[in-house]
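Okay, structure first, notes after.
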Amino acid sequence: MAVMESAFDPYWREAWTRRQVEDSLSLSSGFMLLADQNGEVPSEAADAAGFVLARKVLDEVELLLIGVSPDMRGRGIGRLLLDRFFEASREAGAARVFLEMRANNDAERVYLAAGFEPIGRRRDYYRTLDGTPIDAVTFAKSL
Ligand SMILES: CC(C)(COP(=O)(O)OP(=O)(O)OC[C@H]1O[C@@H](n2cnc3c(N)ncnc32)[C@H](O)[C@@H]1OP(=O)(O)O)[C@@H](O)C(=O)NCCC(=O)NCCS
């Protein structure tokens, strides 16, 4: 939750509450990956520098959220988490992974570099804190 709270600007209303995270992980389809500052699996959650939250839906896995602490960005932790996400999804039997993000998120560069391709757009799907509508863009990648 410390990474969650530092990684997401409240303006975009993307961060999840502890309750939302717990609910998603209480389902058998939900899973989380953590990385420490070296990209390794941390021995304690308090050492996490980044996380991925995901859920399996039939033969696809949806990346729900990815976040890296602002002071740890640009060191490859996000990319390592995505690679581990692809691996975990393959092991779970998925043929494809997908995600949805707000249209103007810088994370798009990270997703494209990791092989995701845009496949759809939902107009005015999100609202910022001041009510500004923003499109959602869906990305997918075959494994
Ligand atoms: C998106 C995010 C997880 C990336 O984490 P990161 O650890 O900084 O990413 P990496 O260091 O592994 O970078 C991966 C690639 O993306 C590029 N990149 C990373 N952040 C970028 C940014 N803000 N703008 C442009 N390019 C970026 C890197 O240069 C790198 O490219 P390369 O492999 O060609 O060198 C991180 O910026 C973040 O937590 N953002 C806020 C939360 C968010 O918006 N999450 C996504 C929506 S759920």
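Net length available on complete extension from S142 to M32 is 37.6 nm, with 0.36 nm assigned per residue and the Cα-Cα distance removed. Look at the alpha carbon pairs under 8 Å that are at least 6 residues apart: their mean separation over the length of the range 2-142 gives a relative contact order of 21 percent. Cβ-Cβ distance of L58 and R122, R₀ of 22 Å, FRET efficiency by 1/(1 + (r/R0)^6): the value works out to about 0.60. Can you grab the distance from the C-alpha centre of the range 60-98 to the C-alpha centre of the range 3-55, Å, no decimals? Taking the Cα centre of the range 3-55 as reference, the centre of the range 60-98 is 11 Å away.
Spin-label pair A113-E44: with each label point 7 Å from Cα along the Cα-Cβ axis, the two points sit 3.1 nm from one another. Taking each DSSP H run with n ≥ 4 as -39500 (n - 2.57) and averaging over every residue of the chain yields -7500 deg cm²/dmol at 222 nm. For the options D83, D130, D23, a Gaussian network treatment of the chain with springs between C-alpha atoms closer than 10 Å singles out D130 as fluctuating the most.
Each residue of the range 56-62 was assigned a 3J(HN,Hα) from its phi angle through the Karplus expression (A = 6.51, B = -1.76, C = 1.60, θ = phi - 60°), giving 8, 10, 6, 9, 10, 10, 9 Hz with x at Gly and Pro. In plain terms, the residue of E87, E108 with the fewest other Cβ atoms within 10 Å comes first and the most crowded comes last, giving E87, E108.
Ratio of Rg to Rh for the chain, alpha carbon only, Kirkwood?
Details: Rg = 14.6 Å, Rh = 15.5 Å.
That ratio equals 0.94.
Any read-out appearing in this document is the output of simple, stated calculations on the displayed coordinates, not a laboratory observation. As the structure is a prediction and not an experimental result, all values here were calculated from the model. No Cβ is skipped: glycine too gets one built from the backbone with ideal geometry, and neighbour counts run over all protein chains shown.
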